[in-house]
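Note sheet for the following structure.
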Amino acid sequence: MLFDLHPKENIKDLFGRDDEYKELERLVKTEWVAVLGRRMVGKSSLVKTFIKEHDGIYVNLSGARGFRDLILSIASQLGYSLKELSLDLKFLELRWSRIAEDIFSRLGNKIIALDEVQYVSSIHFLRLLKRIWDAYPNIRIIFTGSMIGLINKLLNPSPSSPLYGRKPAVIYLQPFIREKSKEFLIRGFNELNMNVSMEEIENVVERLNGYPGWLAYYGNFRCVRKLDAETSLRSVIDEGAKIFEEELENFLKGKKRENYIKALRVISIGARWSEIKNELIVNNKVLRDILMNLKNAMLIAEDDGYYYIPDPILRLAIRNIRA
């Protein structure tokens, strides 16, 4: 069902990503692949569907606290219990990296997808990946993430990195174009035998842009929860704003909050470098770092020196976050 709020897992429910699916299928035969894109653009749906079709292993690392959680997550997918791993650590005095390598050695020629991999991008993780690359060439890995800056060590390894020379191929998921967004909504409503006007569909696409996650939320509120059009749209915006407010709070930890909030608020209505600088009253280096961090986190975009926030719900969330 297109309006199911969970990431899609069946190929028949994967809408509008035929080209990306084929490209992933082509690349993963010989490469490790990073599937990138903003939140709610459909990365998890593409990857989970691909993994199911190819009998792979999918691990969601959202909220993981580091390397240990990565290993426990993969182990649980393979049938290892926490108790068994704890006994190994206690009595055999093995390090987590040794356990990790043992686990990967049992994967054979499996494809493994690590979703939201930014949460575990440590030096220990990079060293493990180098060992897997060198020792187990039949294991293929798909990485996904929304915070590009946090997985930059994977995408652009420096000469001193364990992964230097092992840069994964990249597939970048864009939001749907306008016509594809309308087609998504029409097909979703038809699946549930609900008639809606083209005026309503046009309004939803205008307000939510081409993010399939937000469009699915709207369809779910309309068809499953039986809310009217206005309440459904408001509910999507409210739910989305809460998600982004939490993400923004995590992103802002350890940063000069006031400068980032000011920058985001100016950029939320569209702005050029000089306009942002005038609002923040900072030097060029500080502003350059702020904008780079915001772009790396996929919170903003730039087009020929013009900075903006592509996601309409994120623009609204910026207005609500405290300075």
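The values are calculated or read from the model by the stated rules, or taken from the named source; none is laboratory data. The structure presented is a predicted model; accordingly, all values stated were derived computationally and were not measured. Neighbour counts are summed over all protein chains in view; Cβ atoms, including those assigned to glycine, are modelled from backbone coordinates with ideal geometry. Accessible surface is based on the protein model in full, side chains and every heavy atom, while ligands, DNA and RNA are left aside. Shrake-Rupley method; radii C 1.70, N 1.55, O 1.52, S 1.80 Å.
Could you work out [θ]222 nm for the chain from helices alone, using -39500 (n - 2.57) per DSSP H run of at least four and dividing by all its residues? Round to the nearest 500 deg cm²/dmol. Show your work: numbers first, answer last.
Working: 15 runs with 167 residues, N = 323.
Dividing the helical sum by the residues of the chain leaves -15500 deg cm²/dmol.
Going from most exposed to least, what order do HIS54, HIS124 have by accessible area with a 1.4 Å probe?
Numbers: HIS54 65, HIS124 100 Å².
Largest to smallest exposure gives the sequence HIS124, HIS54.
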Self-check item: Radius 12 Å from Cβ of SER105, net charge of other residues (Lys, Arg +1; Asp, Glu -1)
Solution: +2
Quiz item: Just the accessible area for ARG106, please: 1.4 Å probe, Å², rounded to the nearest 10?
Solution: 150 Å²
Practice problem: Compute the long axis of helix 96-105 from its Cα atoms, compare it with the longest principal axis of the Cα atoms of the chain, and write down the angle in degrees, 0 to 90, nearest 10. | Solution: 90 degrees
Quiz item: Long-range amide H contacts for ALA34: which residues qualify at under 5 Å (H placed 1.01 Å from N, peptide plane, sequence gap of 5 or more or a different chain)?
Solution: PHE143, ALA169, VAL170, ILE171
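State the antiparallel share, in %, of DSSP beta bridges confined to the chain, rounding to the nearest 5. Write out the running numbers ahead of the final one.
On the way: 5 of 21 bridges.
Just about 25 percent of them are antiparallel.
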Practice problem: Treat every Asp and Glu Cβ in the chain as -1 and every Lys and Arg Cβ as +1, leave all other atoms uncharged, and give the resulting dipole magnitude about the Cα centre to the nearest 20 debye. | Solution: 1120 debye
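If you roll a 1.4 angstrom probe over the protein chains with everything in place, what fraction of the accessible area of the range 142-256 belongs to carbon and sulfur, to the nearest %?
48 percent
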Exercise. Kindly report, to the nearest 10 Å², the accessible surface of TRP273 as traced by a 1.4 Å probe over protein heavy atoms only.
Key: 80 Å²
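Please give the direction-averaged projected area of the C-alpha convex hull for the range 242-322, in square nanometres with one decimal. Kindly include the intermediate steps, with their values, before the conclusion.
Values: hull surface 19.2 nm².
Computed as one quarter of the Cα hull surface, the answer is 4.8 nm².
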Quiz item: Out of TYR164, LEU208, LEU185, whose Cα points farthest toward the positive end of the dipole of the range 164-244 (charges: +1 Lys, Arg; -1 Asp, Glu; placed on Cβ)?
Solution: TYR164
Self-check item: Positive-end residue, the chain charge dipole about Cα centroid, Cβ charges, pick of ILE99, SER235, TYR307
Solution: ILE99
Quiz item: Between the helical axis of 123-135 and the dominant principal axis of the chain, each derived from Cα atoms, what acute angle in degrees is found, rounded to the nearest 10?
Solution: 60 degrees
Self-check item: Among LEU252, VAL266, LEU291 - extreme Cα towards positive end, dipole of the range 248-316, charges at beta-carbon
Solution: LEU252
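Give me D for the chain in µm² s⁻¹, whole number, from Stokes-Einstein with Rh from the Kirkwood sum over alpha-carbon pairs, 20 °C and 1.002 mPa s.
Working: Rh = 21.5 Å.
D, rounded to a whole number, is 100 µm²/s.
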Practice problem: Compute the accessible area per residue over the range 215-277, keeping the other protein chains in place, probe 1.4 Å, unit Å². | Solution: 50 Å²
Practice problem: Pop a pseudo-label 7 angstrom from the Cα along the beta-carbon direction at both HIS6 and ASN156 and give the gap in nm to one decimal. | Solution: 3.8 nm
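So if I take the alpha carbon set of the range 104-216, get Rg, then get Rh from the Kirkwood formula, what is the Rg over Rh ratio?
Working: Rg = 20.1 Å, Rh = 17.1 Å.
Reported Rg/Rh, Kirkwood definition of Rh: 1.17.
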Quiz prompt | For the range 180-323, the fraction of alpha-carbon pairs in successive 5 Å shells from zero, as % | solution = 2, 9, 19, 19, 15, 11, 10, 8, 5, 2, 1, 0
Quiz prompt | Computed label-point distance, nm, for sites GLU199 and HIS54 using a 7 Å Cα→Cβ extension | solution = 4.7 nm
